[in-house]
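What follows is a single structure, written as structure tokens, with notes after it.
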Amino acid sequence: MHRTAFPAAAALCLLVASSAATAQEPYSPLVPRGTLRLDARALYASYADERLAGALSGPAGAGVFPFLSRTQSVVGTMIGEPWTLTLGSMQTVAERGSAQVPIALDAGVFDWLTVGVVVPLAGSDTEFSLHFSADSTTANAGFNPAIDREVQVTAFMNGLQSAVADYGAYRDGTCQSDPSSPECAAATRVLDDARAFEGSASLLYGAMFAPLARSPAGEALQARLAALAAAFSAAGVSAPATIPLSEAPVTYEDLQSFLTAPRYGIAASHGLTKWRSVWQLGDAELRADARLADAGGEMSSYRVVAGAGALLRLPTGSQDDPANFLDTPSGDAQWDVELRGWMNGHWPLGFGLWADLRYGIQIGGTSERRIFDPAAPFAPMSTQARLDWDPGDYQIVELSPWYRISGGLSALAGYRLFRKGDDSFALRTPGETDPAAPPAVSADPSILVPGTGYSASHLLLGMVYNRAAANRDGIPAAPLEIRIVYRRVVGGSDADVPREASLEVGFRLFRRIWGG
């Protein structure tokens, strides 16, 4: 996808470039009256997804797969102490990339007013590498023996239930003559312990997983059963000698199925492998910019132009698939209104400065998400719901000094600060107007709020080359601009802000349609 976009764009720029240079400024929202400007760019951004890689590096337990928490809790109750279940050890490397090709067409209505439209195309990919190990030192659980050794498990539970019942009769007989005797108290303690063990064992064999027999938890369960069997034997009651447990750890293929097979509750549409999306339409934009003040002149050694603009972003993009944990949205699919003020100036010796201030109001919409702890990499399917979504407003501040190296070549650097407020969410009840919405869940959607508001600081470096085409008679024709800009996130409000790097390569073509 992106590996071919940039060479193609660069080749196109070189093909249409010609020889006569003209001094154009590297930033200019305005287009002369009667002129059309075609702006085509290719932007690719990538970052190492340390959050996902960190969550999938280490023990493969309930923190990764929520359905393991039931087994973990039951076994902890049976052995009398907290127990952490792990199916093995994981080591993951993940890198996310997104490619955008925004195509803009602007028209100069007057010299001081320009209107335009932007139609973006977007795609994404995730490079994903997972190493999984489930040897004797990294795994303590596997598939439940009730799955493939049902006869053995049934025989054990029948024997345990029979032994508990027989010991209950023994305890009743002991306490009948003297309920306050030490023998009665001791028998009551053993019976309560045995009934609790029996109840937990019934829950354990109803789960998908169980401790490995050779693991410390498996040995602790066997010791617990042996202690009960010894107490039963002293009363003349026979009890099972061995508790059936898992005999083998899970495999890499099993790990993949935990994510995608519906019976495990996550039901992801894509597994733990490389992901690449198809190209999609992003959120299209309608925009207008106007010059409000102008000091100096085009022929002067200095000129400062200030203006304002407005933008309406349309809900034409697609949000990410809540069942695909590697997906990236092509847009927010809700309305935005953006206001801006800008200043563009140049001074003697080739120096210039671009300043831009934007404020975006994101209008509420709907979003389908899984309402679960954002720190968990995979949320259960049962938590997926349609939400009323009110995105936080955003602000952008950019300062970019530039220097004209020659008549048509300029170098630029800059700083951009992006800040966004917290989102808010509310459960949306399915109704006649939204029959396709998933059933409402009881979870509190406020759990999704942390991390939706953030700030990020970007540094940029770039080159802009402006040339004007000429025909055989030397009459100036449509000019061309070629732009290459590198941006990198250098700071953020917290450690979760990705340290993203992006490259922009593009060109602008100008064509006079009417006027002199």
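Coordinate-derived values only; no laboratory data. Small disclaimer: the values here were computed from a predicted structure and weren't measured. Heads up, the Cβs are rebuilt from the backbone with ideal geometry, glycines too, and the neighbour counts pull from every protein chain shown.
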Quiz item: Taking Cα atoms, how many degrees apart are the long axis of helix 69-79 and the longest axis of the chain, rounded to 10 and kept between 0 and 90?
Solution: 30
Self-check item: Using distinct alpha-carbon pairs, which all enter the 1/r mean, Kirkwood radius of the chain in Å
Solution: 28.1
Self-check item: Value in Å of the Kirkwood radius, where region 92-243 supplies the Cα pairs that are averaged
Solution: 21.0
Practice problem: Divide by every residue of the chain the summed helix terms, -39500 (n - 2.57) for each DSSP H run of at least 4, and state the resulting mean residue ellipticity at 222 nm, rounded to the nearest 500 deg cm²/dmol. | Solution: -7000 deg cm²/dmol
Quiz item: Given the Cα atoms of region 223-382, and with Rh set as the inverse mean 1/r over their pairs in the Kirkwood sense, what is Rg to Rh to two decimals?
Solution: 1.40
Practice problem: First check a/c for region 160-200, with a ≥ b ≥ c the square roots of the eigenvalues of its C-alpha gyration tensor; if it is under 1.5, answer rounded, and if not, answer prolate when a/b is larger than b/c or oblate otherwise. | Solution: oblate
Practice problem: Return the loop-located GluC sites (Glu not before Pro) in region 346-433 (DSSP other than H, G, I, E, B) with at most 13 other Cβ atoms within 10 Å of their own Cβ; answer none if there are none. | Solution: Glu432
Practice problem: Order the peptides 212-223, 253-264 from the highest to the lowest mean number of other Cβ atoms within 10 Å of their residues. | Solution: 212-223, 253-264
Quiz prompt | Inverse of mean 1/r across different Cα pairs in region 157-290, Kirkwood, Å | solution = 19.4
Quiz item: Taking R0 as 22 Å, what's the FRET efficiency between Phe351 and Ala288 from their Cβ-Cβ distance, rounded to 0.05?
Solution: 0.15
Quiz item: Dividing the alpha-carbon Rg of region 245-337 by 2.2 N^0.38 Å yields what?
Solution: 2.07
Quiz prompt | Within the chain: Cβ-based charge dipole about Cα centre, in debye rounded to nearest 20 (Lys, Arg +1; Asp, Glu -1) | solution = 2040
